[in-house]
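Worksheet: the structure to be examined is printed underneath.
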Amino acid sequence: MSDKVKTYQDLLNEIESLKLENAELKSGDYADRYRQSFEKHLAVKLIIDPLDGKIHDANYAAADYYGWSREELRTMTIQQINMSSAETISNEMNKAKEHKKYQFEFKHKLANGSIRDVYVLSVGISGLSGKVYLHSIIFDITDRKQAEISLQRQQHVLELFVEHSPAAIAMLDKEMKYIAVSKRYLLDYQLGNQKVIGRSHYDVFPEIPDSWKEIHQRCLGGAVEKNDEDPFPRSSGEIDWVRWEIHPWYEIEGEVGGIILFSEVITERKQGEEKLKVALKEKEVLLRELYHRTKNNMQVIYSLLGLKGAAVEDDATKEILVDIGSRIQAIALVHEKLYQSKNLSRIDLKEYITDLTNLLLNSFNFSERKIRLFLELESISVLIDTAIPCGQIIIELISNSFKHAFPDGRSGKISIHLSRNEKDLIKLNISDNGIGIKDFTELIGGETLGMQLFRNIVEDQLQGNISYDMKNGVSWTVTFKDALYDERVISQ
């Protein structure tokens with residue numbers, strides 16, 4: 001706008017310097033100088049007869065802009081260019097011919113048929129005959145008008161977005177006065193139909209503590225603040241829970257213009273979470289009790305098997321009862337570990353294998369046989385559905401080594417290695433340095449009950465792979481993932 005006023009002022013200065021201010025247009029040198037200035041001026045200029053709208057004169061810039069020659073423009077009327085109604089054009093020309101400066105906005109048509117938004121500065125001047133003409137300067141403002149429309153549309157969309165957003169949103173200036181709020185904000189903070197725009201946030205909520213004001217000041221300094229759970233006292237004395245974020249917003253110049261507050265009342269969610277925690281705690285107690293009773297019942301079964309084994313004289317039967325008892329102990333141990341753990345779904349495989357092998361040492365009388373047991377175990381947390389099959393594998397393979405790897409009272413060692421590789425696979429290796437197996441291929445592919453059980457546990461329950469080596473005794477390696485089942489309950 002300042003450039004247009006300046007250009008219009010230049011026109012007035014020209015008129016003043018030529019002694020044409022509301023006076024007769026004189027001939028001679030003044031007229032020549034005026035004519036030269038009019039024709040060569042860079043701005044689009046038209047001289048218009050206000051009585052009939054006839055274009056009395058046009059400069060070269062006007063011809064370039066409209067697309068008609070100066071001669072063609074002199075045969076036309078302003079009504080052929082101006083897209084406004086004849087009444088509007090007549091009213092505006094009558095204003096301008098009163099020798100006062102006026103400014104208008106119109107839509108002008110060019111020779112190529114396009115319609116442009118223009119800004120017109122007009123002043124009435126007198127000719128030699130005393131007739132009044134309108135001296136008009138025309139500026140193209142199409143781009144500016146389109147930018148204004150686009151800005152208005154964006155502002156309208158933003159207002160609709162804020163107003164109808166499902167989230168509670170409030171925009172405030174540096175003085176903490178409301179600029180815009182969403183309907184949800186009014187609803188969540190029980191403001192009803194109050195008019196909060198223009199009011200101070202501290203006037204709307206006079207009970208706000210100083211700690212909140214400090215948060216606001218930090219945000220006005222450019223910081224971003226948020227809280228996932230914050231108690232919000234109501235005037236009724238009730239407490240609601242809210243989660244909120246406060247962001248600074250910036251002026252075009254880059255300075256902080258105020259803050260935007262995003263919030264959500266989460267009281268119902270909070271109450272639901274508390275109910276869920278209570279339900280999970282109850283489930284945890286029940287599950288822990290279930291583990292405890294299962295472990296106790298298995299201990300009873302194990303004790304009965306021990307009593308039965310003591311009364312049996314047949315060695316083969318005794319061996320079977322010992323094997324069954326060991327497997328029951330392995331399962332009971334898992335439930336005992338889970339009962340003692342905070343996590344009711346997972347146990348540490350290292351601790352479990354250590355305790356399990358201690359039980360096996362006593363069951364198989366390792367010390368009497370001079371058989372040593374070496375453990376090299378990583379601490380790996382696994383689900384119960386993984387731990388129990390692992391225990392069964394260890395019992396099966398250690399039992400085989402104890403029975404067959406060291407005949408005639410030989411001494412030796414059995415080793416257990418547990419690790420996790422870079423592909424997140426768990427690797428369990430059980431080996432001995434005993435006499436080995438003559439027909440290893442027949443054993444692994446055979447139909448003995450022990451090998452069938454071993455393969456079924458690894459391939460069906462763990463969905464793992466089996467590999468073996470018999471260079472120095474027997475070495476079994478089982479690899480598997482611990483991602484086949486879902487978590488149960490995690491204690492808080």
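Numerical summary
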| item | result |
| --- | --- |
| Percent of beta bridges antiparallel (DSSP, segment 147-265, rounded to nearest 5) | 95 percent |
| Cubic angstrom per residue, convex hull over Cα atoms of segment 147-265 | 110 Å³ |
| Long-range amide H partners of GLY258 with built H, under 5 Å | TRP249 |
| Theoretical FRET efficiency, 1/(1+(r/R0)^6), r = Cβ-Cβ of LYS101 and GLU159, R0 25 Å, to 0.05 | 0.10 |
| Sequence-separation-based contact order of segment 147-265, relative, with Cα cut under 8 Å and 6+ spacing, percent | 25 percent |
| Zone of MET470's modelled label, taken as backbone nitrogen in segment 389-412 under 17 Å from a point 7 Å along Cα→Cβ | 397-398, 400-407 |
| Listed peptides 243-254, 303-314, 172-183 by packing density, highest first (mean Cβ within 10 Å) | 172-183, 243-254, 303-314 |
| LYS40 versus HIS247: modelled label distance in nm, points set 7 Å from Cα along the beta carbon direction | 5.7 nm |
| Efficiency of FRET from Cβ geometry, VAL278 and ALA223, R₀ 35 Å, rounded to 0.05 | 0.40 |
| Distance from segment 450-484 to segment 116-170 (C-alpha centre basis), Å | 81 Å |
| Highest to lowest packing among 462-468, 210-216, scored as the average C-beta count within 10 Å | 462-468, 210-216 |
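Values in this text are rule-based calculations from the coordinates and carry no lab data. Please read these numbers as outputs of a predicted model, since none were measured by experiment. Every residue, glycine among them, receives a Cβ derived from its backbone with ideal geometry; neighbour counts consider all protein chains shown.
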